[in-house]
Amino acid sequence: MRRFFSLILLSLLAFEAIGLLWNIFVKLDVISPSNELPLANIQGIVVSNNLILIGLGDYDVIQEFDLSGSHIKNWKINSLNKGFLFWIDEQGNPKSENRWSIGKLKKPLTTQYFRDAKLDSVQLISLSNQWNEPELYVDQNGVKYEIRNPVYRQLTRTANSETEVVFSQGLINNIWCGLTRTWLYCAAIWFSFLFLNIIPLTKHVMNGESFSLKSGWKEIWRK
């Protein structure tokens, strides 16, 4: 039975390690997926021109969805790994500014810096909300968009006190959701594997048998 569970844990570890590498490659722009990415490290939500845009700090990407939650495209940006705020320009394209620059230069979100970008009052309010509550967006009509559930990620829309799910992410996107989560999953699985096998390995040593990686590995797979 222990061997069976050890095999399951090692299989999960291998699967999650692939997810960790995938997250690293996307972050470094080694690969550029065109499909929907996990909702990891949310930087903000903007709803404009019947589109929903969600900033993802782990990937330096702004994802674009229609109002029904169907994924349209990914916009790659360069935030210098510092997180970012974003808005929509006159051509309907997302523009961004990294949070580190704003904080270091102490640029208030309502100063001439952002007015020069021709942002209206609604966009300035949106930027202020992104700074404080990046997983929440409220439009001019009071409709609230929110990323909910830290484990099973989904976007909800609340209007007239009624909440509906715009979209929920699939199993893979939830399991491989960002660098931090995949790393923690790998660590948890590995420590579970060690905990499962620590008693037989300890007995192996206490019996006076010489220990090596080879002998320890054989002990783990013994029935």
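In the stretch 1-56, which residues are touching a residue at least 60 places away in the same chain (Cβ under 8 Å) and on the phi > 0 side of the Ramachandran plot?
Result: N41, G44.
Quick one: in the stretch 1-45, which of the residues that are among the small types (G, A, S) and under 18 Å from the mean Cα position of the chain (by Cα) is surrounded by the fewest Cβ atoms within 10 Å (Cβ to Cβ)?
Restricting to residues being among the small types (G, A, S) and under 18 Å from the mean Cα position of the chain (by Cα), the top hit is S34.
Cβ-Cβ below 8 Å, separation at least six or inter-chain, first residue in the stretch 164-180 and closer than 14 Å to W22 by Cα and touching a residue at least 60 places away in the same chain (Cβ under 8 Å), second buried (at least 16 other Cβ atoms within 10 Å of the Cβ) and among the hydroxyl-bearing types (S, T, Y): which pairs?
Qualifying pairs under 8 Å: I175/T182; I175/Y185; W176/T182.
If I filter the stretch 146-175 down to residues being at pLDDT 90 or above and among the small types (G, A, S), which single residue comes out as nearest to L12 (Cα to Cα)?
Selected residue: S168.
If S68 passes every condition in (1) crowded, with 20+ Cβ neighbours inside 10 Å; (2) at pLDDT 90 or above but one, which one does it miss?
(1)
Hey, could you check the stretch 154-166 for residues that are of a type outside the set (A, V, I, L, M) and over 14 Å from I42 (Cβ atoms) and say which is surrounded by the fewest Cβ atoms within 10 Å (Cβ to Cβ)?
Result: S161.
Return only the number of the condition from (1) among the β-branched types (V, I, T); (2) at pLDDT 80 or above; (3) out of contact with any Asp or Glu (no Cβ under 8 Å at 6 or more places or on another chain); (4) outside the structural domain of S96 (by TED's automatic domain parsing) that T182 does not satisfy.
The failed condition is (3).
Go over the candidates E90, E97 one by one and state the one that is buried (at least 16 other Cβ atoms within 10 Å of the Cβ), among the acidic types (D, E) and either part of a loop (DSSP other than H, G, I, E, B) or touching a residue at least 12 places away in the same chain (Cβ under 8 Å) (or both).
The unique qualifying residue is E97.
So, V143, is that one farther than 28 Å from G19 by Cβ, at pLDDT 80 or above and of a type in the set (A, V, I, L, M, F, W, C) or not?
When the stated conditions are applied, V143 passes them.
The values are calculated or read from the model by the stated rules, or taken from the named source; none is laboratory data. What you are looking at is a predicted structure, and each value in this text was computed from that prediction instead of being measured. Virtual Cβ from ideal backbone geometry, glycine too; neighbours counted across all protein chains shown.
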